[in-house]
Amino acid sequence: MRHKPKFCNATKKSVVILISGRGSNMQALLEADLPCCRFAAVISNKADAPGLVIAERHGIATQVVAHRDYPDRESFDAALAAAIDRHQPDIIVLAGFMRILTPGFVAHYQGRLINIHPSLLPAYGGLDTHERALKDGIKIHGCTVHFVTSDLDHGPIIIQAAVPVRADDTPETLAARVLREEHRIYPQTLRWFCEGHLSLDADGKVLLNRYKQTGHTLISPGLE
Ligand code: NHR
Ligand code: GAR
């Protein structure tokens with residue numbers, strides 16, 4: 001594992017990550033320099049999620065709460081919340097977590113539950129985002145980190161990254177281009193949160209007191 005040299009000037013925040021699959025976003029978080037974050041656990045709703053092996057390799061506690069073991073969404077979410085709350089996390093990070101969460105669950109974690117979604121929200125919420133983007137012929141696509149609310153994929157937006165869609169893209173090549181940017185903006189988001197620069201206010205507005213306005217324009221396809 002890589003040495004993490006920097007040190008935290010604030011009180012460390014405890015993080016629980018939820019996954020369902022590959023776990024590349026989780027891996028990007030575990031391997032980023034985030035000295036103010038302490039990763040308490042990685043929880044998966046699927047026992048065969050490859051991400052669990054990666055988490056174990058990083059020495060993080062893992063747990064499976066299999067949605068198939070529960071008769072309905074309410075009872076699954078109750079079991080999931082119990083597993084999470086044992087760790088008393090400051091923030092819960094959805095990293096390729098594929099189960100829609102009930103309003104009660106989301107309310108319990110208001111302001112401390114974030115998700116990364118593979119589109120420029122509010123466009124292309126839901127599933128198969130890259131395929132739908134290509135069908136529509138859009139020329140700029142990307143990814144979004146947002147606070148989770150019960151309004152699926154419509155929670156307050158924290159940060160987005162845009163990428164060009166190329167004429168010869170397939171869902172796979174486009175997904176790979178977007179994923180590279182996911183691995184940049186998610187660690188940045190968690191760093192902001194754990195250092196105390198990012199929160200959600202009572203009106204549902206994102207408060208971020210530390211950011212750069214880059215002023216870059218992306219034109220796609222490019223001008224000649
Ligand atoms: N829950 C709430 N309440 N609000 C959000 O914004 C959520 C959420 C749970 C997950 C991630 C989201 C995404 O980034 C997310 C955001 C799964 C589905 C879905 O349809 C939709 C959106 C997201 C995640 N899931 C199916 C279900 O029935 C199952 C699909 C599967 O297992 O492959 O839960 O895209
Ligand atoms: C990522 O592209 C993430 O944005 C997306 O699934 C992929 C998970 O990859 N999430 C969703 O679609 C949530 N419904 P990962 O497991 O390698 O991070």
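The values are calculated or read from the model by the stated rules, or taken from the named source; none is laboratory data. Source: prediction; values computed, not measured. Don't worry about glycine lacking a Cβ; one is built from the backbone with ideal geometry, like all the others, and counts go over all protein chains shown.
Data overview
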quantity	calculated
Criterion: among the β-branched types (Val, Ile, Thr) and either over 15 Å from the mean Cα position of the chain (by Cα) or within 21 Å of Phe39 (Cα to Cα) (or both) - qualifying residue of Thr173, Thr149	Thr173
Every pair of residues 6+ apart whose Cβ atoms lie under 7 Å, when the first sits in the stretch 142-162 and is under 22 Å from Thr173 (Cα atoms) and in a strand (DSSP E or B) while the second is more than 15 Å from ligand 2 (Cβ to nearest atom) and of a type in the set (Asp, Glu)	none
Test for Ile60: is it closer than 15 Å to Leu152 by Cα and either acidic (Asp, Glu) or within 16 Å of ligand 2 (Cβ to nearest atom) (or both)	no
Residue that is farthest from Ser14 (Cα to Cα), among those in the stretch 84-103 that are surrounded by fewer than 16 Cβ atoms within 10 Å (Cβ to Cβ) and either among the polar types (S, T, N, Q) or more than 16 Å from ligand 2 (Cβ to nearest atom) (or both)	Pro103
Failed condition for Arg180, given (1) in contact with a strand residue (DSSP E or B) (Cβ under 9 Å, 6 or more places away or on another chain); (2) buried (at least 19 other Cβ atoms within 10 Å of the Cβ)	(2)
Residues of the stretch 15-43 satisfying the condition of being among the small types (Gly, Ala, Ser) and more than 15 Å from ligand 1 (Cβ to nearest atom)	Ala28, Ala32, Ala40, Ala41
Tally of residues being in contact with a Ser or Thr (Cβ under 6 Å, 6 or more places away or on another chain) and within 16 Å of ligand 1 (Cβ to nearest atom) across the stretch 51-67	1
Per-region count, the stretch 34-60, residues in contact with a helix residue (DSSP H, G or I) (Cβ under 8 Å, 6 or more places away or on another chain) and surrounded by fewer than 17 Cβ atoms within 10 Å (Cβ to Cβ)	1
Number of the exception - Leu198 against (1) surrounded by 17 or more Cβ atoms within 10 Å (Cβ to Cβ); (2) touching a residue at least 60 places away in the same chain (Cβ under 8 Å); (3) in contact with a strand residue (DSSP E or B) (Cβ under 9 Å, 6 or more places away or on another chain); (4) of a type outside the set (Ser, Thr, Tyr)	(2)
Boolean, Gly21 is surrounded by fewer than 20 Cβ atoms within 10 Å (Cβ to Cβ) and over 27 Å from His197 (Cα atoms)	yes
Members of the stretch 163-178 found to be of a type in the set (S, T, N, Q) and free of Cβ contacts under 8 Å to residues at least 12 places away in the same chain, listed by number	Thr173
Single residue of the stretch 10-31 satisfying the filter (part of a loop (DSSP other than H, G, I, E, B) and within 15 Å of Arg57 (Cα to Cα)) that is farthest from the chain's Cα centre (by Cα)	Glu31
Residue within the stretch 104-117 that is more than 15 Å from ligand 2 (Cβ to nearest atom) and either modelled with pLDDT under 95 or surrounded by 20 or more Cβ atoms within 10 Å (Cβ to Cβ) (or both) present	yes
Condition check for Asp77: surrounded by 21 or more Cβ atoms within 10 Å (Cβ to Cβ) and away from ligand 2 (no atom under 15 Å from the Cβ)	yes
Answer residue from the stretch 63-74, given it is over 19 Å from the mean Cα position of the chain (by Cα) and within 16 Å of ligand 2 (Cβ to nearest atom) and is farthest from Asn25 (Cα to Cα) among those	Arg73
